[in-house]
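The values are calculated or read from the model by the stated rules, or taken from the named source; none is laboratory data. Please read these numbers as outputs of a predicted model, since none were measured by experiment. Methodologically, a virtual Cβ is constructed for each residue, glycine included, from the backbone with ideal geometry; neighbour enumeration extends over all protein chains shown.
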Amino acid sequence: MKSLSFTRFLFAAILMLSVAFTATAQSGKPKSPPVTATHTIGDLKIDINYNSPSVKGRDVWGALVPYGKVWRTGANNATTFEVNQEVLINGETLAAGKYSLFTIPSDGEWTIIFNKEANQWGAYSYDKGQDALRITTKTGKTQEMVEQMTFEVGDNDENVGVVSFMWENLKTSFSVSVGAEK
């Protein structure tokens, strides 16, 4: 009888320790933390929300992120791109609103996709029929290795912003114009 009680006690103690260890391990920094890149140009507000994965020594382009396939452009939920007024993206009109931002990477050139369905997990339910805009951008090399995937938004001039995506050793950018004619 005593051995059965001791076994139950030992089992309960091990179970409690494993639960405590798991809770402690999960409370650390997320693997792909949520990040927001926000910028204003005059009355225009640009918000990009994404989960930022790390390289962690992995081969990214053409391996972790395959070429020629729709990618959520980050981790977890699809990245979102939101503007509070109509803009021109690389000269193409995009209505005010919130969009999921997908990409189709390839070696040297990317397709950037603004999809009307903003709330998506990954690219699993991506529907090309919901695309509001597709543009093509050229890629280049970053000056230094970028461990954590990053979006930056800056001014080119008083009416034009530039959104830059950087990860590992790759960079691609597109312009966001305010009050410009096509």
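Taken together, Ser125, Ser100 contain a single residue that is small (Gly, Ala, Ser), assigned by TED's automatic domain parsing to the domain that holds Glu147 and in a strand (DSSP E or B), which is Ser100.
Of all the residues in segment 31-65, those that are exposed (fewer than 12 other Cβ atoms within 10 Å of the Cβ), within 17 Å of the chain's Cα centre (by Cα) and part of a loop (DSSP other than H, G, I, E, B) number 1. Filtering segment 79-122 to residues that are touching a Ser or Thr at 6+ places or on another chain (Cβ under 8 Å), of a type in the set (Gly, Ala, Ser) and within 17 Å of Ile46 (Cβ to Cβ) leaves Gly91, Ser100, Ala118. I'd like to know if segment 153-172 contains one or more residues that are surrounded by fewer than 16 Cβ atoms within 10 Å (Cβ to Cβ), among the acidic types (Asp, Glu), in a strand (DSSP E or B) and without any contact (Cβ under 8 Å) to a residue 40 or more places away in the chain. Among the residues of segment 153-172, at least one is surrounded by fewer than 16 Cβ atoms within 10 Å (Cβ to Cβ), among the acidic types (Asp, Glu), in a strand (DSSP E or B) and without any contact (Cβ under 8 Å) to a residue 40 or more places away in the chain, which makes the answer yes.
The residues listed here are Ala132, Ala118; of these, the one that is in contact with a Phe, Trp or Tyr (Cβ under 9 Å, 6 or more places away or on another chain), in contact (Cβ under 8 Å) with a residue 24 or more places away in the chain and assigned to a loop (DSSP other than H, G, I, E, B) is Ala118.
Per the conditions (1) under 15 Å from the mean Cα position of the chain (by Cα); (2) closer than 14 Å to Phe151 by Cβ; (3) not β-branched (Val, Ile, Thr), the sole criterion not satisfied by Trp121 is (2).
Within segment 73-82, is even one residue of a type in the set (A, V, I, L, M, F, W, C), part of a loop (DSSP other than H, G, I, E, B) and either under 18 Å from Tyr124 (Cα atoms) or at pLDDT below 95 (or both)?
yes
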